[in-house]
Amino acid sequence: ARIHKALHIKYEHYSQDRKTLTLFTTKTTAKHNEEIGKKRTFIISPEYLRRVNKFIKDNNIQPNEYIFVRNNNFTSAHSSVYQIFKRYLKKTTIKDQHNFSLHNIRKTHGMWLKALGVTMEEICLRLGHDYNTYLKHYGSPSVFNREDKQQMLKILGELYNK
C-alpha cells in the first residue's frame, strides 16, 4: 500500500479466517470522476498476519483503532515512517542510498510479482492500479534470471511460493 493508505489500516480491516486485508482508504482518480477511492481486499501471507497480530497484541490495539497511528496524528506518523526507513537504510551496505524510497519498494514488489507470473488482475488489485497504468510504469520481468526469482520467492514468503 501507499504510505498514506497503510497508515489508515485498522485491526478490524484484517480477516483472520480468510487471511485478507481490506484497504478502505485508497487513492481517488480524478480522471475517473471518483470522489471516494474503491476499497480493495486481497490475500496476505500467514507470516505477515502472524507479525501483525503480534504487534497488535504487544501494543494492545483495539479493533477500531489504527494500527500504525496514535491519536489520529497522521502527519506525524507519515514523517516518522520516512525517518525510520532512512535510519534503517543507513545501517545497510546499499550503495546510492539516496536513490531508495518506500515507493521504490512498492514498485519493486509489483515488478517481482510480474516476474513470478502472478496474474495482471492480482497485481493491479494489490497496487491499486488499472491495467494501463501498470503497463506504463512497470518494466519487463525478463531481466530476472532463475536465481533472482528463487530469491524473490524466498523474500516474499509462502504467499507466492506455491
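The values are calculated or read from the model by the stated rules, or taken from the named source; none is laboratory data. All values derive from a computational prediction rather than experimental measurement. For neighbour counting, all protein chains shown are included, and Cβ atoms are generated from backbone atoms with ideal geometry for every residue, glycine included. Remember, those area values only see protein heavy atoms, side chains included, never the ligands or the DNA or RNA. Shrake-Rupley method; radii C 1.70, N 1.55, O 1.52, S 1.80 Å.
Rounded to the nearest percent, how much of the accessible area of the range 73-137 (1.4 Å probe, protein heavy atoms only) is carbon and sulfur? Taking all protein chains in place, the range 73-137 shows 56 percent carbon and sulfur surface. Across the chain, Cα-Cα pairs more than 25 Å apart make up 39 percent of the total. Calculated accessible area for the range 40-162 comes out at 69 Å² per residue, all protein chains present (probe 1.4 Å; ligands, DNA, RNA ignored).
Note on the chain: GNM, Cα springs under 10 Å; of Thr92, Thr133, Thr41, the largest mean-square fluctuation is that of Thr92. Between Gln150, Gln16, Gln97, the Gaussian network model of the chain with springs among Cα atoms under 10 angstrom shows the greatest mean-square fluctuation at Gln97.
When nucleic acids and ligands are ignored and a 1.4 Å probe is applied, Tyr138 ends up with an accessible area of around 20 Å².
Farthest toward the positive end of the dipole of the chain, out of Leu49, His98, Ser142, is the Cα of His98, where the dipole comes from beta carbon charges about the Cα centre. Computed with a 1.4 Å probe on the full set of protein chains, the accessible area for Val143 sits at about 110 Å². Placing +1 on the Cβ of every Lys and Arg and -1 on the Cβ of every Asp and Glu, with nothing else charged, gives the chain a dipole about its Cα centre of roughly 360 debye. Using C-alpha pairs below 8 Å separated by at least 6 residues, the relative contact order for the range 30-157 is 24 percent.
Using a cut-off of 32 Å between Cα atoms, the listed pairs Lys39/Lys91; Lys39/Lys154; Lys38/Lys90; Lys39/Lys149; Lys38/Lys91 include Lys39/Lys91; Lys38/Lys90; Lys38/Lys91 as exceeding that distance. The heavy atoms of Leu156 present about 40 square angstrom of accessible area, all protein chains included, probe 1.4 Å.
Among Gly110, Gly139, Gly128, the residue with the largest mean-square fluctuation in a Gaussian network model of the chain, with springs joining Cα atoms closer than 10 Å, is Gly139.
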